[in-house]
Amino acid sequence: MELDCEKILGEGGCAIVFQGVWDGKPVAVKRIPTNKVASNEREEDALRMLNHQNVIKLFHVESDKNFRYYVLELCNASLAKLFLKDDDPKKYSGPMPAVKDVLMQLANGLEYIHKKGLVHRDLKPENVLIWVDPKTQKVLMKWADFGLSKRVNEKGSYSMQSGVKGTLDYSAPEILKLIEEEETPTSTDGTTSTNTRGNIKSDVFAEGLVFGYFLLGGVHLFGSRYKIQSNIIKKEPPNLPKIQFKDIRTLIHKMLEKDPLKRITSSDVTQELQEIEMSINNSIFAEDTYPSLEEVEILLQKEMDINSVDEKGLTPLLHLALPKKNEGNQR
């Protein structure tokens with residue numbers, strides 16, 4: 001393994017990620033001081049047991065007297081960098097899958113993680129990485145950063161004795177509620193009660209937020225920065241109606257269900273996305289949604305005859321050009 005100390009890909013906590021080479025191919029190398037390795041045991045354990053195309057891969061681990069090195073897949077950018085301003089040198093402008101494929105890949109990845117008995121606990125755009133095959137330009141979305149992951153029991157719950165973890169703006173309402181309780185603790189040390197249990201469905205809520213962020217071009221479903229957490233608690237996502245496709249809005253609404261017991265599972269998300277794709281393929285598009293570039297792309301991908309006409313004499317492209325019934329003005 002070789003690492004290039006001049007090429008720093010990222011820094012966080014006690015870790016630095018460098019670009020490097022392992023087994024003759026470019027990789028990312030996460031370096032952690034030896035005395036801090038214990039704090040990264042969860043991520044190492046999780047990555048050793050995960051092997052899925054939509055989860056970042058751990059290739060190799062080694063140590064010297066000063067550091068422990070984790071050799072990981074080298075990705076091109078995070079989802080957050082896709083929506084930086086055009087003049088930002090860190091902006092990702094490379095290839096991307098079709099919108100429906102991005103959602104399906106993320107759903108498949110999280111379903112796999114959950115089926116392996118793990119909860120991620122820190123799903124957010126920065127922890128979605130974009131991997132591009134240098135030969136074929138195939139693009140894969142990958143969940144990354146498992147430093148807060150935990151094993152769950154057969155009921156999908158886990159102990160929160162050590163307190164609430166994760167990124168607050170991408171936390172489920174039940175997590176934010178626990179934080180409020182921690183601010184007025186009944187225990188002497190201020191930690192969460194030993195009886196408090198987290199639920200794997202908190203990941204599903206966060207996944208819904210990531211879906212919304214992607215579909216809205218980098219905008220949070222629950223509004224502006226200083227209102228996000230209060231809106232999550234009140235279940236008021238002001239930007240959800242801006243998502244064009246009705247069935248996707250309905251799915252995300254289920255993912256954002258305030259009660260985790262009523263919230264759908266990661267497997268439900270995958271199944272519903274598959275059904276939505278079938279619905280798209282078997283019809284034109286929902287009449288109450290605006291046409292988009294994705295819709296035209298789907299027509300082309302499915303090799304639909306754009307010269308065919310229906311009983312009203314309209315071609316598929318003319319259908320997309322029609323004003324929507326719930327709008328009073330023309331497009």
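Here are the numbers for the structure shown:
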item	result
From phi via Karplus (6.51, -1.76, 1.60), per-residue ³J(HN,Hα) for segment 91-97 in Hz, x at Gly/Pro	5, 8, 10, x, x, 9, x
Residue pairs, from the table Lys81/Lys254; Lys142/Lys254; Lys57/Lys201; Lys100/Lys138; Lys81/Lys234; Lys36/Lys124, whose Cα atoms sit over 18 Å apart	Lys81/Lys254; Lys142/Lys254; Lys57/Lys201; Lys81/Lys234; Lys36/Lys124
Neighbour net charge for Val132 - beta-carbon separation under 12 angstrom, K R +1, D E -1	+1
Lys234-Glu2 pseudo-label distance in nm [points 7 Å out on the Cα-to-Cβ vector]	5.7
Summed residue charge, Cβ within 13 Å of Asp45's Cβ, Lys/Arg positive, Asp/Glu negative	+2
Residue exposure sequence - Phe18, Phe211 - by fewest surrounding Cβ within 10 Å	Phe18, Phe211
Relative contact order %, segment 92-154, counting alpha carbon pairs below 8 Å whose residues are six or more apart	39
Burial ranking of peptide ranges 115-128, 83-96, 168-181 (average Cβ count within 10 Å, highest at the top)	115-128, 168-181, 83-96
Size of electric dipole in segment 1-121: Cβ of Lys, Arg +1 and of Asp, Glu -1, about Cα centre, debye, nearest 20	320
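Read-outs throughout are calculated quantities, based only on the coordinates presented, and are distinct from any laboratory measurement. Note that the structure is a prediction, hence the values are computed from the model and not measured. Because the Cβ atoms are built from the backbone with ideal geometry, glycine has one as well, and the counts that use them run over all protein chains shown.
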